[in-house]
Amino acid sequence: MKRLTVLVGTVLVLSACEDHEGFSSVITGPQDASFAGTWTGEYTSSNNPGSVFTATLQLAQTGTSVTGSLTTSPGRSANLTGTVNGSRLTGTWTWTDACTGNATTTLDMAASGTRITGSYGSNDCLGLTSGGLILDRQ
């Protein structure tokens, strides 16, 4: 019974100190990955099976919010807005070239932090298209 009283007393003392310097009652989870920077690599499109195209993605990140721009070797361009949760970025592309439309994307960062892989689905002047991508941090 004496040990239980000491344990309860310790818990009460620590609880009383939680708002003082050096103590925190906030429990944090895994840190969200940083997608900020320049990424280049390759992507595929269901419009051109067997073809591989190049892309450059410029991203900025504030907290879990991401914005950026995409340019591709066939001359496509888009702006991205998205949200990071852990090592996954979920976002929406808004095509800014003559073939306007939107796309959704999911990008996963490798544990190394130097590669993202993912997929997209687009609805634009080319119709419904989808594909995959692999981009490396520059």
Considering all projection directions equally, how large on average is the shadow of the alpha-carbon convex hull of segment 37-137, in square nanometres? 5.6 nm²
Starting from the Cα-Cα distance between S46 and A60, subtract it from 0.36 nm times their residue separation and give me the gain in nm to one decimal. 2.2 nm
Long-range amide H contacts for G41: which residues qualify at under 5 Å (H placed 1.01 Å from N, peptide plane, sequence gap of 5 or more or a different chain)? A55, D136
Chain lengthening between S112 and L128 when straightened (0.36 nm per residue, less Cα-Cα): 2.5 nm
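Read the figures in this text as sums done on the coordinates, not as results from a lab. All figures in this text were calculated on a predicted structure; none of them were measured in a lab.
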